[in-house]
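Read the structure below first, then the notes.
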Amino acid sequence: MRVIGGLLVIILLVLAGGIATGFIDLQKTQEGRLPEIAVKEGALPKYEASVAKVQVGTRKETVDVPTVDVKKP
């Protein structure tokens, strides 16, 4: 895979060098144009989803929090 990539890089460098030095001369012989595209209406896919019900609420709860003593050495 690295060999193919290396060869492509070398080929591109040779072509770029040939064009830059004038060794390769490119001439446009015909004008180009974009293809004509006709857009027709489409439809999105339909989905049905069954999901679980989630009930959210609050309540008071007592939680014991440990104390931390820090002593300097």
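We did not get these values from a lab; they are worked out from the coordinates using the rules stated. Computed from a predicted structure; not experimentally measured. Cβ: placed from backbone, ideal geometry, glycine included. Neighbour counts: every protein chain shown.
Points worth noting:
- Close pairs from the range 1-26: first touching a residue at least 40 places away in the same chain (Cβ under 8 Å) and of a type outside the set (Asp, Glu), partner surrounded by 10 or more Cβ atoms within 10 Å (Cβ to Cβ) and in a helix (DSSP H, G or I), Cβ under 7 Å, at least 6 apart: none
- Any hit, the range 34-43, residues being in a loop (DSSP other than H, G, I, E, B) and either touching a residue at least 24 places away in the same chain (Cβ under 8 Å) or surrounded by 10 or more Cβ atoms within 10 Å (Cβ to Cβ) (or both): no
- ILE24 being at negative phi, assigned to a loop (DSSP other than H, G, I, E, B) and surrounded by 10 or more Cβ atoms within 10 Å (Cβ to Cβ): yes
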